[in-house]
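Participant: The structure under discussion is supplied below as structure tokens; questions concerning it will follow.
The values are calculated or read from the model by the stated rules, or taken from the named source; none is laboratory data. Bear in mind that the values here come from a model prediction, so they are computed numbers and not experimental data. Cβ coordinates were reconstructed from backbone atoms using ideal geometry, including for glycine residues, and neighbour counts include every protein chain displayed. For accessibility, only protein heavy atoms count, side chains too; no ligands or nucleic acids. Shrake-Rupley method; radii C 1.70, N 1.55, O 1.52, S 1.80 Å.
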Amino acid sequence: MKLKINLSIAISLFFLVSTSYANELKVGLITTLSGGGAALGIDIRDGFLLGVEQAGGGNISVVVEDDQRKPDIAIKVADKMIQSEDVDVLTGIVFSNIAMAVVPSSLSQGKFYISPNAGPSLLAGKRCHKNYFNVAWQNDNLHEAAGEFANAKQYKNSFIMAPNYPAGRDALNGYKRLYRGELAGEIKTKLGQTDYASEIAQIRASGADSVYFFLPGGMGVSFLKQYADSGVGIPLIGPAFSFDQTILAAVGEAAEGVSNTSQWNKDLDNEANKAFVASFKEKYGRLPSLYASQGFDAAVLLANVNSKVSISNPDQFRAELEKADFSSVRGGFEFGPNHHPIQDYYVREVVKEDGIYTNKVVSTVLSAHADAYSPECKF
């Protein structure tokens, strides 16, 4: 599946005769558009294209392709984009196992990669790269926030569970990094698993006072429904990935009242976010998700840099990226020395608004928080 998109926005005569947005930039967006996880990739794509439409000045072209959630397919697509399509920057990948297959190869071919989602620990630490930037978070961060929230709730015996792939392992490590209690149990499930009867039975028998789980996409839908039907009743905590708008629409009442952690929500009170939420709803007819917000921020960051510096001068382009001089939908945003975000993290609660299950921000749990792997990064 392939889609080439060239987006333009109306610009004034001033911009036509000025140097603003004079630089051409070609972006290759590789994301998951079919099969499991497609909803996440669709939201990243739609958020990114909206950001290009609004901020790109008509000088950013985007080539979009489906990775089918298969690393071998993603590698072939990336190589074709670089070698045949002559893209300048790559972006879009949802899943960390695909990022680990594609990103190092793309960087070795002299391209920039801007991650709107996957943030594996290796790319934040020992295998960081001067041309790799993550506009979302490092994988551990939302889970670290959940561990700190569990401390605030005085939970002493958490049962934790995540899929056995890079982001899942980072999730469990992140939760344990800040959580100060004991573990009633720890399970690494299969990626793509949909039957959680065995895991729920172990939770029931564990004596846990809380359950922390990271199961993105359809995995989270299956678990939440089965957990609600089981009647176990032990409080759940999750990261935003398990409670985005797509999952909430599928799960419904079973998710109501559950606490989850995020660096973004639709009710963050800043002008960039208000405008983004309104324009996304108008264009696509649905509420934006975390993934859409990250795709949008990635596009606006690139557009801002491209308006000032040409990609033909990579050192200057990189220096402008490092400034993170753009209006993020999250409000405060900056890059750490390993090109990963330093930002606030929030506790959200699933609520029902106007007949739709969604999230509201309850509190800030971590302020100006950086990832744990930056000291390992040596450019």
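Participant: Considering region 116-132 alone, what residues qualify as being in contact (Cβ under 8 Å) with a residue 60 or more places away in the chain and open to solvent by less than 40 Å² (accessible area, probe 1.4 Å)?
Facilitator: Hits for region 116-132 are PRO116, ASN117, GLY119, SER121, ALA124, GLY125, CYS128, ASN131, TYR132.
Participant: Select from region 285-318 the residues that are acidic (Asp, Glu) and crowded, with 17+ Cβ neighbours inside 10 Å and list them in ascending order.
Facilitator: At the first step, the residues of region 285-318 found to be acidic (Asp, Glu) are 297, 315.
Within region 285-318, just ASP297 meets the criteria.
Participant: Is there a residue being at pLDDT 95 or above, assigned to a strand (DSSP E or B) and among the charged types (D, E, K, R) anywhere in region 58-79?
Facilitator: yes
Participant: Just checking, which of LEU33, LEU50 is outside any helix (DSSP H, G or I), in contact with a Lys or Arg (Cβ under 9 Å, 6 or more places away or on another chain) and either at pLDDT below 95 or open to solvent by less than 30 Å² (accessible area, probe 1.4 Å) (or both)?
Facilitator: LEU33 is the lone residue from the list that is outside any helix (DSSP H, G or I), in contact with a Lys or Arg (Cβ under 9 Å, 6 or more places away or on another chain) and either at pLDDT below 95 or open to solvent by less than 30 Å² (accessible area, probe 1.4 Å) (or both).
Rundown of residues vs (1) more than 24 Å from PHE133 (Cβ to Cβ); (2) assigned by the TED database to the domain that holds LEU50; (3) among the β-branched types (Val, Ile, Thr); (4) touching a Cys at 6+ places or on another chain (Cβ under 6 Å), yes/no style:
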position	(1), (2), (3), (4)
GLY257	yes, no, no, no
PHE276	no, yes, no, no
LEU287	yes, yes, no, no
GLY295	no, yes, no, no
VAL309	no, yes, yes, no
GLU320	no, yes, no, no
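Participant: Quick test of your reading of the structure: ALA208 fulfils all but one of (1) more than 20 Å from the chain's Cα centre (by Cα); (2) in contact (Cβ under 8 Å) with a residue 40 or more places away in the chain; (3) part of a strand (DSSP E or B). Name the failing condition by number.
Facilitator: Exception for ALA208: condition (3).
Participant: PHE241 is checked against (1) part of a helix (DSSP H, G or I); (2) modelled with pLDDT of 95 or more and fails just one. What number does that condition carry?
Facilitator: Of everything listed in (1) part of a helix (DSSP H, G or I); (2) modelled with pLDDT of 95 or more, PHE241 misses just condition (2).
Participant: Report whether or not LYS281 is open to solvent by 40 Å² or more (accessible area, probe 1.4 Å), assigned to a helix (DSSP H, G or I), closer than 30 Å to ALA152 by Cβ and free of Cβ contacts under 8 Å to residues at least 60 places away in the same chain.
Facilitator: no
Participant: From the list ASP209, ASP244, which residue is within 22 Å of GLY41 (Cβ to Cβ) and either among the basic types (Lys, Arg) or not assigned by the TED database to the domain that holds ASP46 (or both)? Lay out the reasoning, then the answer.
Facilitator: Details: ASP209 fails: within 22 Å of GLY41 (Cβ to Cβ).
Among ASP209, ASP244, only ASP244 is within 22 Å of GLY41 (Cβ to Cβ) and either among the basic types (Lys, Arg) or not assigned by the TED database to the domain that holds ASP46 (or both).
Participant: Exactly one of (1) at pLDDT 95 or above; (2) outside the structural domain of ALA303 (by the TED database) is unmet by TYR165. Its number?
Facilitator: Of (1) at pLDDT 95 or above; (2) outside the structural domain of ALA303 (by the TED database), only one is false for TYR165: (1).
Participant: Could you list, in sequence order, all residues of region 292-322 that are farther than 21 Å from VAL62 by Cβ and in contact (Cβ under 8 Å) with a residue 12 or more places away in the chain? Don't jump to the end; show me each part of the working.
Facilitator: First pass over region 292-322, keeping only residues farther than 21 Å from VAL62 by Cβ: 313, 315-316, 319, 322.
Listed by number, the list holds a single entry, GLU322.
Participant: For region 284-316, how many residues meet the condition of being part of a loop (DSSP other than H, G, I, E, B) and of a type in the set (A, V, I, L, M, F, W, C)? It would help to see each step written out before you state the result.
Facilitator: Just the residues of region 284-316 that are part of a loop (DSSP other than H, G, I, E, B), to begin with: 285-289, 307-313.
Subsequent filtering for residues that are of a type in the set (A, V, I, L, M, F, W, C) retains 287, 309, 311.
Matching residues across region 284-316 total 3.
Participant: Also, I was wondering about something else. Among residues belonging to region 327-379 that are without any contact (Cβ under 8 Å) to a residue 40 or more places away in the chain and of a type in the set (A, V, I, L, M, F, W, C), point out the one that is farthest from ASN131 (Cα to Cα).
Facilitator: My answer is ALA368.
Participant: Could you tell me which residue of region 216-230 is most open to solvent (accessible area, probe 1.4 Å), considering only residues that are closer than 15 Å to GLU256 by Cβ and under 21 Å from the mean Cα position of the chain (by Cα)? Explain how you work it out, then say what you get.
Facilitator: Step one: list which residues in region 216-230 are closer than 15 Å to GLU256 by Cβ, which gives 220-221, 224-225, 227-229.
If we keep only those that are under 21 Å from the mean Cα position of the chain (by Cα) too, we end up with 220-221, 224.
Working: GLY220: 0, VAL221: 27, LEU224: 2 Å².
Applying the filter and picking the extreme gives VAL221.
Participant: Something else about it: Among the residues of region 319-358, what is the count of those that are modelled with pLDDT of 95 or more, of a type in the set (Val, Ile, Thr) and either open to solvent by 10 Å² or more (accessible area, probe 1.4 Å) or at positive phi (or both)?
Facilitator: 2
Participant: Could you grab me the full set of residues in region 359-379 that are buried (at least 16 other Cβ atoms within 10 Å of the Cβ) and part of a loop (DSSP other than H, G, I, E, B)? Full working, then the answer.
Facilitator: As a first pass, look at region 359-379 and keep what is buried (at least 16 other Cβ atoms within 10 Å of the Cβ): 359, 361, 365-366, 369-374, 377.
Matches in region 359-379: ALA370, ASP371, ALA372, TYR373, CYS377.
Participant: Among the residues of region 174-201, which ones are in contact (Cβ under 8 Å) with a residue 40 or more places away in the chain and either open to solvent by 70 Å² or more (accessible area, probe 1.4 Å) or of a type in the set (D, E, K, R) (or both)?
Facilitator: ARG177
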